[in-house]
Amino acid sequence: PPPPPPRRYYYREYRPYYREPPPENPSAVAIGVDLEGAVPINAPQLSDGNSLTGGTGIKIRIGDQIRLSPWVRFTPEVGYGYDHLFANNDDGTAYSWDMNRVFAGARLAFGRFLVPSIYGHVGYGWRTTGDPSVQAANGLAFDLGAALVVRIVRQVQFGVHTEWVTINAQPYAPDWVAMGAHVDLAF
C-alpha cells in the first residue's frame, strides 16, 4: 500500500494572524520640548513699587530613556530653560525679568499608554532684567514637577506638566510655578 499522506494533510498548521511586536529597545535617546506659562509665587516687592506678574517659558531637554520594565522608564537628562516674567511699577513702567538656567536631573515614568511621571533637576541659573533697581544675578537653580503623558506610539509622547522652579539669585530670588504642554521624541 502507498504511504500515508504528509502530516499537513490532516492538520492545518497554526499561522497566527498577528506577529508579536519586536521588543522595545532597553534604551533610547529622548529629546523633549516644553512650552509653559509661569506664575510667580512669593514675588518680591521691589523698592520702586515694581511687582512681578506672570510670564512664559520654554525648556529643551535631552536624555537617555532607560526602560526598567514594560511599565517603568527612568530618564537621566540635561537641558536649558528660559522663563520671561513681566514686572510693572506704580507709574506704569514695564520691565521684564529673563531667567535662564542649565540643569541636570532625572524623570521617572510609570505606565504604557497614559503615563504619569515625576521629575527633578538641579543646575545653575542667572537672571537679567531691564529694571535699574535690580541687578543681574546668578545662583543655584532647582525644579520639581509632575507630568501626565499620552504615549500613542513608542517614538512620540505628548502631555501636560506642572513644576515649581527657583533660582537662588539674591537679593530677589522669586519662585514660580510653571504649567504647560510638552512633546518628547525617543529614538
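The values are calculated or read from the model by the stated rules, or taken from the named source; none is laboratory data. What you see is a predicted model; the values in this text were computed from it and never measured. Cβ sites come from the backbone with ideal geometry, for glycine too, and all protein chains shown count toward neighbours. Side chains are part of the model used for accessible areas, which takes the heavy atoms of the whole protein and leaves out ligands, DNA and RNA. Shrake-Rupley method; radii C 1.70, N 1.55, O 1.52, S 1.80 Å.
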Where a residue in region 170-182 is over 17 Å from Lys59 (Cβ atoms) and its partner, wherever it lies, is small (Gly, Ala, Ser) and not in a loop (DSSP other than H, G, I, E, B), with Cβ under 9 Å and at least six apart:
Gln170/Ala137; Gln170/Gly139; Pro171/Ala137; Tyr172/Ala137; Ala173/Ala137; Ala173/Gly139
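Filter region 135-170 for residues that are of a type in the set (S, T, N, Q) and not in a strand (DSSP E or B); which is least open to solvent (accessible area, probe 1.4 Å)?
Start the filter on region 135-170 by keeping residues that are of a type in the set (S, T, N, Q), which leaves 135, 138, 155, 157, 162, 166, 168, 170.
Keeping just the survivors that are not in a strand (DSSP E or B) gives 135, 155, 168, 170.
Details: Gln135: 147, Gln155: 102, Asn168: 77, Gln170: 112 Å².
That would be Asn168.
Give me the residue from region 95-116 that is of a type outside the set (Gly, Ala, Ser) and under 16 Å from Val149 (Cα atoms) and, out of that set, surrounded by the fewest Cβ atoms within 10 Å (Cβ to Cβ).
Within region 95-116, the match that is surrounded by the fewest Cβ atoms within 10 Å (Cβ to Cβ) is Phe113.
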Scanning region 109-149 residue by residue, the ones that are within 15 Å of Pro174 (Cα to Cα) and among the β-branched types (Val, Ile, Thr) total 3
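Residue under question is Tyr124, and the condition is that it be modelled with pLDDT of 90 or more, assigned to a strand (DSSP E or B) and closer than 19 Å to Ala181 by Cα; does it hold? Working first, answer last.
Values: modelled with pLDDT of 90 or more: yes; assigned to a strand (DSSP E or B): yes; closer than 19 Å to Ala181 by Cα: no.
Spelling it out, it is not the case that Tyr124 is modelled with pLDDT of 90 or more, assigned to a strand (DSSP E or B) and closer than 19 Å to Ala181 by Cα.
Restricting attention to region 64-85, does a residue exist that is modelled with pLDDT under 70, surrounded by 12 or more Cβ atoms within 10 Å (Cβ to Cβ) and small (Gly, Ala, Ser)?
Taking region 64-85 and keeping what is modelled with pLDDT under 70, we get none.
Looking for residues that are modelled with pLDDT under 70, surrounded by 12 or more Cβ atoms within 10 Å (Cβ to Cβ) and small (Gly, Ala, Ser), one finds none in region 64-85, hence no.
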Residue under evaluation Asp131, criteria (1) in a loop (DSSP other than H, G, I, E, B); (2) under 30 Å from Ala186 (Cβ atoms); (3) touching a residue at least 60 places away in the same chain (Cβ under 8 Å), criterion not met:
(2)
